[in-house]
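Below is one structure, written out as structure tokens; comments come after it.
The values are calculated or read from the model by the stated rules, or taken from the named source; none is laboratory data. Computed from a prediction, not measured in an experiment: that's the story for all the values here. Don't worry about glycine lacking a Cβ; one is built from the backbone with ideal geometry, like all the others, and counts go over all protein chains shown.
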Amino acid sequence: MAVDPLIELRDVNKHYGKLHVLQGINLTVGRGEVVVVIGPSGSGKSTLCRTMNRLETIESGSIAIDGRPLPDEGKGLARLRAEVGMVFQSFNLFAHKSVLANVSLAQIKVRGRKKEEADRRSRELLDRVGLAAQADKLPAQLSGGQQQRVAIARALAMDPKVMLFDEPTSALDPEMINEVLEVMQQLAREGMTMVVVTHEMGFARSAANRVVFMADGRIIEDRTPDDFFTNPHSDRAKDFLSKIL
Ligand code: ADP
Ligand code: MG
């Protein structure tokens with residue numbers, strides 16, 4: 001892929017107390033690329049995601065999104081958060097607001113859109129994730145898979161440059177996993193830049209341009225899915241794959 005970096009991490013280090021949770025991370029994600037991050041529990045995947053939209057600070061190194069260093073605070077930070085969409089394992093929808101209002105809220109507050117304009121965009125996106133008919137319901141009236149698709153629509157409504165997904169299907173019942181992965185597959189096909197932490201190896205094989213394998217706060221392997229799954233180089237990756245495949 002031609003190098004047009006959208007995310008650039010250079011020698012990123014972070015500790016939690018004595019735990020060196022990110023140890024000299026170097027990672028470039030090109031525009032339109034889909035990077036799947038895998039690795040054992042506790043290896044730093046979630047922390048890595050959270051540093052990319054500045055939910056966590058770093059101690060040294062640098063992170064840039066679309067050529068701009070991450071801002072420390074203020075308006076720059078709000079803009080960054082809008083540009084870097086994030087979807088977590090837990091959907092974090094507002095329980096007492098309708099699905100439509102959940103998708104519209106930040107558009108109005110952060111993007112400064114008028115309610116009518118925000119609602120129009122929300123309905124488009126709800127249609128795109130297959131939830132046009134659910135717009136007026138409350139989150140609790142939806143299944144987990146549907147709620148996660150609302151969370152994806154909500155992030156997309158900010159017109160992000162990149163979408164980060166941190167184990168978006170881990171909290172879902174098995175029969176709901178595919179409906180969420182299909183929405184993500186579609187986004188990938190449309191050219192969205194994505195960083196996806198997941199244990200769904202089928203998704204990694206079919207959607208990822210690269211698989212990044214993390215262990216103990218380091219990136220151990222960073223290769224194409226075909227290459228990684230058929231011929232993992234490190235013992236850590238071999239061991240990990242033998243447990244999950
Ligand atoms: P992963 O997502 O790969 O499971 P995490 O990034 O969540 O890993 O966590 C990496 C390590 O950092 C783990 O040992 C975890 O216990 C620790 N950790 C994560 N968040 C915090 C925190 N806020 N304070 C202290 N330790 C943390
Ligand atoms: Mg995690």
- Task: Would you please name the residue that is nearest to Glu83 (Cα to Cα), looking only at residues in segment 152-168 that are crowded, with 24+ Cβ neighbours inside 10 Å and within 14 Å of the chain's Cα centre (by Cα)?
- Result: Leu164
- When you look at Thr47, is it polar (S, T, N, Q), at pLDDT 90 or above, within 16 Å of ligand 1 (Cβ to nearest atom) and surrounded by 16 or more Cβ atoms within 10 Å (Cβ to Cβ), yes or no? yes
- Message: Just to be sure I understand, how many residues within segment 130-162 are part of a helix (DSSP H, G or I) and within 24 Å of Lys114 (Cα to Cα)?
- Response: 12
- Message: Quick check on segment 185-199. Is at least one of its residues within 21 Å of Gln146 (Cβ to Cβ), assigned to a loop (DSSP other than H, G, I, E, B), within 16 Å of ligand 2 (Cβ to nearest atom) and at pLDDT 95 or above?
- Response: yes
- Query: Does segment 202-236 hold any residues that are within 16 Å of ligand 1 (Cβ to nearest atom) and over 22 Å from Gly30 (Cβ atoms), and which are they?
  - Reply: Ala215, Asp216, Gly217, Arg236
- Message: Just to be sure I understand, how many residues within segment 45-66 are within 13 Å of Leu27 (Cβ to Cβ) and in a loop (DSSP other than H, G, I, E, B)?
- Response: 1
- Message: Taking the conditions exactly as written (more than 16 Å from ligand 1 (Cβ to nearest atom), buried (at least 16 other Cβ atoms within 10 Å of the Cβ) and within 15 Å of the chain's Cα centre (by Cα)), does Glu33 satisfy them or not?
- Response: yes
- Test for Lys97: is it more than 16 Å from ligand 2 (Cβ to nearest atom) and without any contact (Cβ under 8 Å) to a residue 24 or more places away in the chain: no
- Item | Test result for Val36, in a strand (DSSP E or B) and within 16 Å of ligand 2 (Cβ to nearest atom) | yes
- Any idea how many residues of segment 176-201 are free of Cβ contacts under 8 Å to residues at least 12 places away in the same chain and either among the aromatic types (Phe, Trp, Tyr) or farther than 23 Å from Asp4 by Cβ (or both)? 2
- Item | Test for Gly145: is it surrounded by 19 or more Cβ atoms within 10 Å (Cβ to Cβ) and over 11 Å from the mean Cα position of the chain (by Cα) | yes
- Query: How many of the residues in segment 169-199 are within 16 Å of ligand 1 (Cβ to nearest atom) and over 14 Å from the mean Cα position of the chain (by Cα)?
  - Reply: 1
- Note on the structure: Those residues of segment 217-235 which are in contact with a strand residue (DSSP E or B) (Cβ under 7 Å, 6 or more places away or on another chain) and under 24 Å from Val21 (Cβ atoms) amount to Gly217, Arg218, Ile219, Ile220, Glu221, Asp222, Arg223, Phe228, Pro232, His233, Ser234
